[in-house]
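Working notes, beginning with the structure itself.
The values are calculated or read from the model by the stated rules, or taken from the named source; none is laboratory data. Worth saying up front: this structure is predicted, and the values here are computed from it rather than measured. So basically every Cβ, Gly included, is an ideal-geometry build from the backbone, and we count neighbours across all protein chains shown.
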Amino acid sequence: MKKFFIAGNWKMNTTPKSAMELCLLLKNSTKELGAELDILVCPPFTNIQAVAMALEGSRIKYGAQNCYFAEKGAFTGEISLEMLKELGCTYVIIGHSERRKIFNEDNELINKKIISSLSAGINQIFCIGETLEERQNGKTVEVLKEQISVGLKGISPEQAKTIVIAYEPVWAIGTGIAASPEQIQDTHIEIKKYISQLFDDEMKNLILYGGSLDPSNAKSILELRGVDGGLIGGASLKADSFLSIIRIASELQK
Ligand code: PEP
């Protein structure tokens, strides 16, 4: 039986008040679901404390969408892992394609963030994915291998095993066009194979799919072999749609 991981990436949406309201709806509607299902929300930094309060006593975990790798110091505007830890964050998203593209984060910087989050004891959702041009030019696997090999450089197999991977084709994020089940399944298999090869060990990392996952396609995506859950942007911002996806995952676990 699969143990699904359903994570919401709220991006730059919600305020402390609306984040709290959304969390209360999610909290009340997820009480009865099977304990096997992992649910996570990642609000903007400014709303983490409100989310922590709203989710108290709930099964829903919360995390951050980004971090900086240094412990502290002159890094105006950045947030350290220690700060996130003290707020009770158990996960941090690292390497989201919007960070890579808009904020020029490269594989080396992402690697530093992964290493420092491992030492801080915060779990990672490590995002990888190809652009449309890369896919059309047959470069998907090459690009993913580069993101994985540099992103996970210097990490032991034991550490690497704990990292949740999110395969998010850039062209599917926020476009309403999810990758096809074949594309998702084939790519997840390639990712698993490459990580095992890289660490010379059978790696069983959770691999989530992300990119326009919504209630209409959740079943066909989540039931695929090699898909352990989803990283959900737009559809995680409304309680109804996020809960529909959560319920579909819960049904598939039975
Ligand atoms: C994301 O931001 O990680 C994402 C998958 O967004 P969306 O679900 O809106 O495509």
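Observations
- Residue, farthest from K153 (Cα to Cα), within segment 194-225, restricted to residues that are part of a loop (DSSP other than H, G, I, E, B) and basic (K, R): R225
- Residues in segment 91-105 that are touching a residue at least 40 places away in the same chain (Cβ under 8 Å) and either surrounded by fewer than 18 Cβ atoms within 10 Å (Cβ to Cβ) or of a type in the set (S, T, N, Q) (or both): S97, K101.
- Of everything in segment 68-115 that is basic (K, R) and more than 16 Å from the ligand (Cβ to nearest atom), the residue that is farthest from G211 (Cα to Cα) is K72.
- Residue in segment 109-121 that is at pLDDT 95 or above, crowded, with 22+ Cβ neighbours inside 10 Å and over 21 Å from Y194 (Cβ atoms) present: yes
- Residue under evaluation G34, criteria (1) touching a Phe, Trp or Tyr at 6+ places or on another chain (Cβ under 9 Å); (2) among the small types (G, A, S); (3) within 26 Å of E251 (Cα to Cα), criterion not met: (1)
- The set of residues from segment 21-50 being at pLDDT 95 or above, of a type in the set (A, V, I, L, M) and out of contact with any helix residue (DSSP H, G or I) (no Cβ under 7 Å at 6 or more places or on another chain) comprises L40, I48.
- Pairs meeting the criteria (first residue in segment 197-222 and under 18 Å from F242 (Cβ atoms), second residue at pLDDT 95 or above and charged (D, E, K, R), beta carbons under 8 Å, at least 6 apart or on different chains) are L208/D228; Y209/E168; G210/E168; G211/E168.
- Listed by position, the helices (runs of 4 or more DSSP H) inside segment 98-193 whose residues that are touching an Asp or Glu at 6+ places or on another chain (Cβ under 9 Å) number at least 3 are 107-120, 140-151, 157-161.
- Of all residues in segment 159-190, exactly one satisfies the criterion of being more than 16 Å from the ligand (Cβ to nearest atom), under 17 Å from the mean Cα position of the chain (by Cα) and either basic (K, R) or under 21 Å from Q136 (Cβ atoms) (or both), namely K161.
- Of residues in segment 1-23 being away from the ligand (no atom under 16 Å from the Cβ), in a helix (DSSP H, G or I) and not small (G, A, S), the one surrounded by the fewest Cβ atoms within 10 Å (Cβ to Cβ): K17
- In segment 226-239, residue surrounded by the most Cβ atoms within 10 Å (Cβ to Cβ) [restricted to those that are farther than 18 Å from K11 by Cα and more than 14 Å from the ligand (Cβ to nearest atom)]: D228
- Candidate set from segment 197-215 (those that are within 13 Å of the chain's Cα centre (by Cα) and within 16 Å of the ligand (Cβ to nearest atom)); member that is surrounded by the most Cβ atoms within 10 Å (Cβ to Cβ): Y209
- Among the numbered conditions (1) within 14 Å of the ligand (Cβ to nearest atom); (2) in contact with a Phe, Trp or Tyr (Cβ under 6 Å, 6 or more places away or on another chain), the only one that A218 does not meet is (2).
- Segment 72-90, subset of a type in the set (A, V, I, L, M) and part of a loop (DSSP other than H, G, I, E, B), residue surrounded by the most Cβ atoms within 10 Å (Cβ to Cβ): I79
- Here L26, L33 are screened, and the one residue that is touching a residue at least 40 places away in the same chain (Cβ under 8 Å), more than 16 Å from the ligand (Cβ to nearest atom), in a helix (DSSP H, G or I) and under 30 Å from K204 (Cβ atoms) is L26.
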